[in-house]
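Before any comments, here is the structure.
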Amino acid sequence: MQEQQQGQEPPAPITPRPDPANGLGTASLVLGIIGITLCWVIVGAVAGLGAFVLGIVARARVRRGDATNRGAATAGITLGALSTLIAALIVAGLWTFYAQHRHDIHDYQACKRAAATDQDRSACLTSFKHSLTG
């Protein structure tokens, strides 16, 4: 072994870097895909919100150097935001439809309850369709 010169410290030992913590970015992407696939039901909106939040946390891990899957996290954020937006638009559209036609809907339900025959029920449906378009 060579002797160290006076005043020099021995080199620091090389410590291996831990494996990247990519779980949150991957989870964000998976939830984003589920959210965009099911955005027309409440599960899609919940999955979308989860994807958005997990994606933001995953991107913070990437910035700190703890993770390497920035693309998956970004895709999760994008899909999560998009699925939540689509779900919100669907809910708003349904709410507006119901607000404008609630009396027609109630009349149709009352007509169906009072209908004794298939012909009566068919007349209820025809009347309901006419009230929506007329």
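Tabulated data
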{"item": "Residue check for SER28: part of a helix (DSSP H, G or I), touching a residue at least 24 places away in the same chain (Cβ under 8 Å) and over 30 Å from ARG17 (Cβ atoms)", "result": "no"}
{"item": "Counted residues, the stretch 49-75 - those being farther than 14 Å from THR26 by Cα and either within 11 Å of the chain's Cα centre (by Cα) or among the polar types (S, T, N, Q) (or both)", "result": "1"}
{"item": "Residue check for THR78: closer than 30 Å to PRO18 by Cβ, part of a loop (DSSP other than H, G, I, E, B) and either basic (Lys, Arg) or within 31 Å of the chain's Cα centre (by Cα) (or both)", "result": "no"}
{"item": "Residue match in the stretch 110-133 (condition: of a type in the set (Phe, Trp, Tyr), in contact (Cβ under 8 Å) with a residue 24 or more places away in the chain and touching a helix residue (DSSP H, G or I) at 6+ places or on another chain (Cβ under 9 Å))", "result": "yes"}
{"item": "Checklist (1) in a helix (DSSP H, G or I); (2) loosely packed, with under 15 Cβ neighbours inside 10 Å; (3) not charged (D, E, K, R) applied to ILE34, failing item", "result": "(2)"}
{"item": "Candidate set: the stretch 44-54, residues that are in contact with a Leu (Cβ under 8 Å, 6 or more places away or on another chain) and within 30 Å of ARG17 (Cα to Cα); chosen: the one surrounded by the fewest Cβ atoms within 10 Å (Cβ to Cβ)", "result": "GLY50"}
{"item": "Where ARG113 falls short, out of the listed (1) within 30 Å of ALA45 (Cα to Cα); (2) loosely packed, with under 12 Cβ neighbours inside 10 Å; (3) of a type outside the set (Ser, Thr, Tyr)", "result": "(1)"}
{"item": "Residues located in the stretch 85-109, provided they are touching a residue at least 24 places away in the same chain (Cβ under 8 Å), under 30 Å from VAL43 (Cα atoms) and among the charged types (D, E, K, R)", "result": "ASP104"}
{"item": "Total residues in the stretch 62-81, condition crowded, with 21+ Cβ neighbours inside 10 Å and either in contact (Cβ under 8 Å) with a residue 40 or more places away in the chain or not aliphatic (A, V, I, L, M) (or both)", "result": "8"}
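Here, each number is a calculation from the coordinates, and none is a lab measurement. This is a predicted model, so every value here is computed, not measured. So basically every Cβ, Gly included, is an ideal-geometry build from the backbone, and we count neighbours across all protein chains shown.
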